[in-house]
Amino acid sequence: MEMSGIARAPRGKSPLYTSNRVLRGKETSVRLLVLCVLMIFFVTPAVAMPHPVATVHCTASNPRVWVNTDTHVYHMRGDKYYGKTQHGMFMCKRSAIGAHNHAAKSNNQ
C-alpha cells in the first residue's frame, strides 16, 4: 500500500525494509554514521606525517640537514631538496655523516 509517495513495510517486516529500501529515523542516522567512519578509514588517502625534527642537539657548527634515506644523500638548508624528498628525515650533519650519508654534489638551488 502506498501513502503519499512513501512505501510502507509489508506486515511482519521491520520499518527498515520496504519495497524501495526507504530508511527511517535512528536507523538512518546509525547507518550514515557507520558509512562515514568506514569512508574515513578506507577511502580517504593516507595523510603524511610531519618529518621528525632534530633540533635539540644540532648547533651552528653541526647544522640540521635533510637526509634522503633512499639515496643516502644529505641536503643543507637552502638546497632545492631540503625537506622535500619523499623518503627522508632531519638529523644533525655529524650524525648524517656517521650514518654513511654524503653531501649532495651540487647545491641544486
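Conditions tested, residue by residue: (1) at pLDDT below 75; (2) surrounded by 14 or more Cβ atoms within 10 Å (Cβ to Cβ); (3) not charged (D, E, K, R).
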site	(1), (2), (3)
LEU32	no, no, yes
ALA46	yes, no, yes
ASN68	no, yes, yes
TYR74	no, yes, yes
MET91	no, yes, yes
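If I go through the range 64-80 residue by residue, how many of them are in a loop (DSSP other than H, G, I, E, B) and over 18 Å from SER106 (Cβ atoms)?
Looking only at that region, the number is 2.
The values are calculated or read from the model by the stated rules, or taken from the named source; none is laboratory data. Remember, it's a predicted structure, so these values are computed and weren't measured experimentally. Neighbour counts are summed over all protein chains in view; Cβ atoms, including those assigned to glycine, are modelled from backbone coordinates with ideal geometry.
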